[in-house]
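The values are calculated or read from the model by the stated rules, or taken from the named source; none is laboratory data. Here the structure is a predicted model, which means the values were calculated and not measured. Cβ placement follows ideal geometry from the backbone for every residue including glycine, while neighbour counts extend to all protein chains displayed. Remember, those area values only see protein heavy atoms, side chains included, never the ligands or the DNA or RNA. Shrake-Rupley method; radii C 1.70, N 1.55, O 1.52, S 1.80 Å.
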Amino acid sequence: MERRTIGAAALAVGAVGLGCMPMNWAYSTSQQRGDRSVRTVHAALDAGVQLLDTADMYGPFTNELLVGRALKGRRSEAFLSTKCGLLVGDQHIVANGRPGYVRRACDASLRRLQTDVIDLYQLHRADPEVPVEETWGAMADLVTAGKVRALGLCAVGARAGRGPGARMHDGTIRQLERMQQVFPVSAVQAELSVWSPQALEDLLPWCAARGVGVLAAMPLGSGYLTGTLKPGQGFEPDDPRARHPRFTAEMMAANQPVVAGLRRIAERHGATSAQVALAWVLRQGRHVVPVPGTKRERWAVENAGAGGLALTDRDMAEIAGLPRARGSWD
């Protein structure tokens, strides 16, 4: 059977990961329950999910603690990914790529996750005041020390180096090429979904040519592509969607044709819109693993089922013909 290779692990073809951030940070905080989140992780593992993605800044720190608790007695079933490089303050987030900080951050993550080794350690964001080679070199030392198995870069939200006519990930690719000179990049995490396909233009081909895995973040459009969100429903004040240009009532209504198109395809397959959106991501290459976030068992199991959905060429053509998603900043 073919495998998807992300970092140091061979993941089963059709693999869908689990983003743990919403379990106790950011999205709909009033609905977050620790015990329920632990059950969600267990349900995902039972459904065949292998890759779990977290970060020290989520909480901050509490998301890693939750994941560590959920994996007690089940660590061998998971491919564990976490991140360092961002510090959360009261009203701001700052990057820290100093080598000493990287070493301390890794040790702290190992303690919170209750593990001896991290399968994939990602740089959450490069520090503009520290050459990325220095940060990456410190992370490479963690591999040599046996604390980390593979290294990756989280490019979600990265917009550095964009000028007139530049593609979204041009700056990220330049950064990756510098990092590759120090130590191999095993994976890159970037936003990729039916309504945010920009990574297909340049980042995915770059990764495929070099055997670098891709963790597709927000593959369900932060919940919109599931079809469960309604225009004008509103979001809690601390939910990032409350300030997102695609989640105004006007834009949510304008983008309904995207969800309707996914729903039509889902009905033909006896699937859900979310499963179609995830299956589309899986079709982008054997090196791509979608990492949808959720806090509920039901959605984790449903998302895992997307691996068994084989989209046809007709399906893919229909999705390619859907209207471009709009935002209030367009």
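Is it the case that some residue within the range 321-329 is touching a Gly at 6+ places or on another chain (Cβ under 8 Å), of a type outside the set (G, A, S), in contact (Cβ under 8 Å) with a residue 24 or more places away in the chain and open to solvent by 20 Å² or more (accessible area, probe 1.4 Å)?
Taking every residue of the range 321-329 in turn, at least one turns out to be touching a Gly at 6+ places or on another chain (Cβ under 8 Å), of a type outside the set (G, A, S), in contact (Cβ under 8 Å) with a residue 24 or more places away in the chain and open to solvent by 20 Å² or more (accessible area, probe 1.4 Å).
Of these, L309, L220, which one is aliphatic (A, V, I, L, M), surrounded by 15 or more Cβ atoms within 10 Å (Cβ to Cβ) and farther than 16 Å from G19 by Cα? Explain how you work it out, then say what you get.
Values: L220 fails: farther than 16 Å from G19 by Cα.
Answer to the check: L309.
Can you report the number of residues in the range 98-152 which are touching a Lys or Arg at 6+ places or on another chain (Cβ under 9 Å) and assigned to a strand (DSSP E or B)?
The number of residues fulfilling the criteria is 7.
Which of (1) farther than 19 Å from N24 by Cβ; (2) modelled with pLDDT under 95 is the odd one out, the single condition D107 does not satisfy?
(2)
What are the residues in the range 189-207 that are open to solvent by 40 Å² or more (accessible area, probe 1.4 Å) and either within 16 Å of L278 (Cβ to Cβ) or out of contact with any strand residue (DSSP E or B) (no Cβ under 9 Å at 6 or more places or on another chain) (or both), if any?
Of everything in the range 189-207, those that are open to solvent by 40 Å² or more (accessible area, probe 1.4 Å) and either within 16 Å of L278 (Cβ to Cβ) or out of contact with any strand residue (DSSP E or B) (no Cβ under 9 Å at 6 or more places or on another chain) (or both) turn out to be E191, P197, L200, E201, P205.
Pairs only if they're at least six apart or on different chains, beta carbon under 6 angstrom, first in the range 233-247 and under 13 Å from G223 (Cα atoms), second surrounded by 12 or more Cβ atoms within 10 Å (Cβ to Cβ) and of a type in the set (K, R); list them, first residue then second.
From residues that are under 13 Å from G223 (Cα atoms), the pairs are F235/R241; F247/R241.
Please identify the pairs in which a residue from the range 99-113 that is within 15 Å of T62 (Cα to Cα) and open to solvent by 20 Å² or more (accessible area, probe 1.4 Å) has its Cβ atom under 7 Å from the Cβ atom of a residue that is part of a helix (DSSP H, G or I) and hydrophobic (A, V, I, L, M, F, W, C), counting only partners at least 6 apart or on another chain.
Filtered contacts from the range 99-113: R112/L65.
So if I check each of R210, R167, which one is closer than 28 Å to N255 by Cβ and open to solvent by 30 Å² or more (accessible area, probe 1.4 Å)?
R167
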